[in-house]
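Trainee: Input: one structure, supplied below.
The values are calculated or read from the model by the stated rules, or taken from the named source; none is laboratory data. As the structure is a prediction and not an experimental result, all values here were calculated from the model. Quick reminder, even Gly has a Cβ in these numbers, built from the backbone with ideal geometry, and neighbours come from all protein chains shown. Accessible surface areas use protein heavy atoms only, side chains included; no ligands, DNA or RNA. Shrake-Rupley method; radii C 1.70, N 1.55, O 1.52, S 1.80 Å.
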Amino acid sequence: MNSTTHQRLAQLIWNIADEVLRDLYVRGKYRDVILPMTVLRRLDSVLAETKQNVLSTKKTLDAAQIVNQDAALRQAAGQDFYNTSAFLLKDLRAASTQTQLRQNFEAYLDGFSPNVQDILENFEFRNQLPRLTKADALGTLIEKFLDPTLDLSPASLDNHGMGTVFEELVRRFNEENNEEAGEHWTPRDVVKLMTRLMFEPIADTIPDGTYLLYDGAMGTGGMLTVAEDTLGELTEGKQIATHLYGQEINAETFAIAKADLILKGDGRAADNIKGGPEFSTLSNDAFADRQFDFMLSNPPYGKSWKTDQERMGGANKITDPRFIVEHDGDPEFSLVTRSSDGQMLFLANLIAKMKSDTVIGSRIAEIHNGSSLFTGDAGQGESNIRRYVFENDLVEAIVALPLNLFYNTGIATYIWVLSNRKQDRRKGKVQLINATNWFTPLRKNLGSKNCELSSTNISKIMDTFHAFDDADPEVSKIFDNAEFGYYKVAVDRPLRLIGAEPDRVYKPAEIRAMRQVSERADDAPPVIKRLHKVGTVADPLRGLFEAEVGGKARVVEYERDAERSDFEQVSLTEPAGEGENGVEAFLRREVLPYTPDAWMDESKTKIGYEVSFTRYFYKPAPMRPLDEIRADIRALEAETDDLLSEIIG
């Protein structure tokens with residue numbers, strides 16, 4: 001069956017919404033009825049042939065008082081779902097009153113297997129029945145879905161075709177509600193790019209076998225199904241099997257994802273996805289004991305995860321091994337981000353599920369907004385996640401996407417590509433690709449989305465990715481991992497107070513009292529807070545200064561002036577001077593010539609990581625030629641003279 005037929009069937013179902021629901025629901029709520037009814041119509045058609053077999057099996061099982069009946073009833077139905085009610089959808093037309101119709105319809109719904117019940121409950125479909133019954137619309141709705149021109153039976157439409165029709169409906173409803181589409185629906189052009197970035201580098205070398213795919217923020221499940229299709233296309237001829245896993249907190253989008261898999265005949269995969277309000281990926285990991293071969297996600301950005309944080313015991317009591325890891329000798333290295341934005345925790349979740357004992361390891365593609373590149377100070381969760389992935393050499397590439405690719409936001413977005421089995425040429429390196437100018441405008445905007453990635457655009461990005469060192473440096477740059485890292489160094493200055501005695505060591509209480517009554521001055525003596533024992537070697541860069549105390553040269557420490565102290569950011573790759581490390585060389589070159597009394601407090605030094613696409617790909621606008629500027633000025637002068645002439649007459 002071709003795409004034209006799929007579009008026709010989707011249009012027929014779309015028309016039902018306008019014909020039956022127009023005066024009952026606002027357009028944005030049509031999907032609350034139409035999507036579950038589409039699922040029911042397809043399942044009803046699939047189960048029609050084995051209906052009697054299921055009913056007789058149910059009767060036998062009940063008579064034998066067998067409690068766990070699910071497997072036997074699935075076998076009787078020949079599907080991964082079943083219905084044990086006395087009704088098919090067509091039988092409901094015999095009801096003589098709206099009350100009887102509703103009762104029979106509810107009995108019909110109650111007869112479905114637990115996996116279908118999960119879909120109906122998360123769609124909250126039963127909540128629609130009072131409104132449909134009161135408006136005398138339930139019978140009309142059923143009649144429309146039973147129309148012979150809307151044939152959703154397996155004889156007319158295979159599982160893949162049904163999945164295509166359902167996804168087309170989901171797409172239309174999401175575009176209709178473009179203000180919220182981006183929360184749960186990633187444009188398919190973006191997903192296609194993500195899956196190619198994830199699979200293409202290993203498509204030729206991937207061994208035959210079974211592979212697990214996972215999405216920790218799966219929305220309607222489109223990423224998983226596109227990923228499965230892409231892997232199949234790229235490995236055609238190989239014996240590749242896939243199992244899909246996912247988790248989604250939003251009940252309705254979880255219902256859509258599960259329904260889509262069941263409609264495609266992939267009931268086992270439908271059993272492998274978890275969702276609903278109780279299944280937040282951050283606070284309730286449904287797959288804590290699993291690792292996966294391929295993972296991809298588009299997590300929510302800029303969204304508070306404070307509720308999850310509280311469920312996990314509070315920011316300082318989180319012990320989840322996904323977010324508290326061992327790194328660089330620290331057994332409790334924290335990846336916990338600020339509660340205002342939890343997007344980077346979704347990346348940490350995927351990293352925790354990477355396989356380390358297989359030939360291909362694991363590959364990840366995840367979308368983030370620009371804040372993932374730089375927010376979070378050194379030592380904070382966001383920066384620590386970046387530090388963890390770079391210092392463990394997990395990042396292959398970061399791709400900057402065009403603006404306005406998504407339905408509900410025009411902000412800058414980036415695809416992070418990670419692997420724990422990098423090619424030799426990529427080891428220790430990260431590729432940044434600036435694809436912001438590679439897009440195709442849409443003829444009609446879809447919310448904020450005014451462009452897309454055409455197949456040509458995607459191929460251009462992939463060619464740049466594969467070219468690596470040989471790619472155009474205008475759009476692709478290669479860096480060592482350490483080039484994104486920096487030391488955050490505390491640089492202190494001494495407290496200088498008018499009236500302080502230059503050769504006296506002050507006690508803490510005396511210093512506090514002096515702060516209250518004395519004024520600061522750059523030429524005032526520094527306040528000494530500590531006297532070191534004889535023999536201590538002076539080291540002004542570390543706050544050990546030589547001063548005369550009691551007529552003798554001694555090594556002292558000065559009281560720190562918080563108002564004059566600051567932090568310096570020093571690259572991890574800062575060249576070391578002779579006998580010095582990079583931090584010392586930087587301070588001697590950039591700080592001490594201007595503030596010779598400054599010193600660094602090494603106990604406060606922290607390591608941070610950030611990525612600045614703007615810095616790496618910035619192109620200054622060329623200056624306008626002087627002749628052009630001069631001509632513009634003369635033109636304005638002439639225009640001004642003409643206006644004055646008109647006014648004066």
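Trainee: Positive end of the dipole of region 44-109, charges at C-beta (+1 Lys, Arg; -1 Asp, Glu), about the Cα centre: which of Gln98, Ala71, Ala48 has its Cα farthest in that direction?
Mentor: Sorting the options by dipole projection puts first Gln98.
Trainee: Among Asn434, Asn404, Val417, which residue has its Cα positioned farthest towards the positive end of the charge dipole of region 396-452, with +1 placed on the Cβ of Lys and Arg, -1 on the Cβ of Asp and Glu, and the dipole taken about the Cα centre?
Mentor: After comparing all options, I get Val417.
Trainee: Further question: Kindly work out what percent of the DSSP beta bridges joining two residues of the chain are antiparallel, to the nearest 5.
Mentor: Just about 70 percent of them are antiparallel.
Trainee: Going by accessible area, probe 1.4 Å, with all protein chains left in place, what is the ranking of Thr225, Thr456, largest first?
Mentor: The ranking, largest first, comes out as Thr456, Thr225.
Trainee: Also, I was wondering about something else. By how many degrees, between 0 and 90 and to the nearest 10, does the Cα long axis of helix 381-391 differ from the longest principal axis of the chain?
Mentor: 90 degrees
Trainee: For an R0 of 51 angstrom, estimate the FRET efficiency from the Cβ-Cβ distance between Val359 and Ser153 and round to the nearest 0.05.
Mentor: Efficiency, rounded to the nearest 0.05: 0.75.
Trainee: Now, a different point. Would you mind getting the Kirkwood hydrodynamic radius of the chain from its Cα pairs, rounded to one decimal in Å?
Mentor: In the chain this quantity evaluates to 29.6 Å.
Trainee: Cα axis of helix 31-47 to longest principal axis of the chain: angle in degrees, 0 to 90, nearest 10?
Mentor: 50 degrees
Trainee: Please list the non-local residues whose amide H lies under 5 Å from the amide H of Tyr214, H modeled 1.01 Å from N, same-chain partners needing a gap of 5 or more.
Mentor: Tyr245, Phe294, Met295, Leu296
Trainee: Here's another thing I want to ask about it. For an R0 of 41 angstrom, estimate the FRET efficiency from the Cβ-Cβ distance between Asn53 and Asp229 and round to the nearest 0.05.
Mentor: E between Asn53 and Asp229, to the nearest 0.05, is 0.80.
Trainee: Determine the gain in length on full extension of the stretch Asp377-Arg425; use 0.36 nm per residue of separation and subtract their C-alpha separation, reporting nm with one decimal.
Mentor: Value of the extension gain: 14.2 nm.
Trainee: Still on this structure, I have one more. Just in region 286-362: which trypsin sites (Lys or Arg not before Pro) are loop by DSSP and have at most 14 other Cβ atoms within 10 Å?
Mentor: Loop-located and lightly packed - Arg290, Lys303.
Trainee: I'd like the Karplus ³J(HN,Hα) series for region 91-96: coefficients 6.51, -1.76, 1.60, θ = phi - 60°, whole numbers in Hz, and an x wherever there's a Gly or Pro.
Mentor: Taking θ as phi minus 60°, the curve returns 5, 5, 5, 6, 4, 8 Hz for region 91-96.
Trainee: Averaged per residue, what accessible surface does region 118-163 expose to a 1.4 Å probe, in Å²?
Mentor: About 47 Å² of surface per residue is accessible.
Trainee: Then there is this: What's the magnitude of the charge dipole for the chain around its Cα centre, counting Lys and Arg as +1 and Asp and Glu as -1 at the beta-carbon? Answer in Debye, nearest 20.
Mentor: With Lys and Arg at +1 and Asp and Glu at -1, about 1440 debye.
Trainee: Within a Cβ distance under 13 Å of Gln291, other residues only, what is the Lys/Arg minus Asp/Glu net charge?
Mentor: Around Gln291, the charge tally is +1.
Trainee: I would also like to ask the following. If you roll a 1.4 angstrom probe over the protein chains with everything in place, what fraction of the accessible area of the chain belongs to carbon and sulfur, to the nearest %?
Mentor: Carbon and sulfur: 48 percent of the exposed surface of the chain.
Trainee: What spacing in nm lies between the two simple spin-label points modelled at Asp204 and Glu175, each 7 Å away from Cα in the Cβ direction?
Mentor: With each label point 7 Å from Cα toward Cβ, the separation is 3.8 nm.
Trainee: If one takes the longest principal axis of the Cα atoms in the chain, at what angle in degrees, from 0 to 90 and to the nearest 10, does the Cα axis of helix 222-234 lie?
Mentor: 90 degrees
Trainee: Along the Cα-to-C-beta direction of Ser304, a point sits 7 Å from the Cα; which residues of region 331-372 have their amide N less than 14 Å from that point?
Mentor: Output list for this probe position: 338-342.
Trainee: In whole Å and largest first, what semi-axes does the C-alpha gyration tensor of region 226-271 yield when each eigenvalue is scaled by 5 and square-rooted?
Mentor: Ellipsoid semi-axes (Å, largest first): 24, 11, 9.
Trainee: Also: Counting other Cβ atoms within 10 Å of each Cβ, which GluC sites (Glu not before Pro) in region 215-268 have at most 12 and sit in a DSSP loop?
Mentor: Within region 215-268, the qualifying GluC sites (Glu not before Pro) (loop, at most 12 other Cβ atoms within 10 Å) are Glu236.
Trainee: Testing the spin-label approximation: label points 7 Å from Cα along Cα→Cβ at Asp472 and Thr605. State their distance in nm.
Mentor: 4.2 nm
Trainee: Suppose every Lys and Arg Cβ carries +1 and every Asp and Glu Cβ carries -1, with no other charges. What dipole size does region 291-411 come out with about its Cα centre, to the nearest 20 debye?
Mentor: Here the size comes out at about 420 debye.
Trainee: While we're here: How high is the FRET efficiency between Leu403 and Asp110 when r is their beta carbon distance and R₀ equals 35 Å, given to the nearest 0.05?
Mentor: Efficiency, from the Cβ-Cβ distance: 0.10.
Trainee: While we're on this one: Looking at region 521-624, which chymotrypsin sites (Phe, Trp or Tyr not before Pro) are in a loop (DSSP not H, G, I, E or B) and have at most 15 other Cβ atoms within 10 Å?
Mentor: Listed in order of number, the matching sites are Tyr594, Tyr618.
Trainee: Where nothing but the Cβ of Lys and Arg (+1) and of Asp and Glu (-1) is charged, how large is the charge dipole of region 191-339 around its Cα centre, in debye to the nearest 20?
Mentor: Roughly 460 debye for region 191-339.
Trainee: Keeping all protein chains in place, calculate the accessible area per residue for region 207-323 (probe 1.4 angstrom), answer in Å².
Mentor: For region 207-323, the solvent-accessible area averages 39 Å² per residue.
Trainee: Further question on the same structure: Would you calculate the separation in nanometres between label points at His243 and Leu644, each defined as 7 Å from the Cα along the Cα-to-beta-carbon direction?
Mentor: 8.6 nm
Trainee: For the chain, what is the calculated [θ] at 222 nm in deg cm²/dmol (nearest 500), taking -39500 (n - 2.57) for each run of four or more DSSP H residues and dividing by its residue count?
Mentor: -11500 deg cm²/dmol
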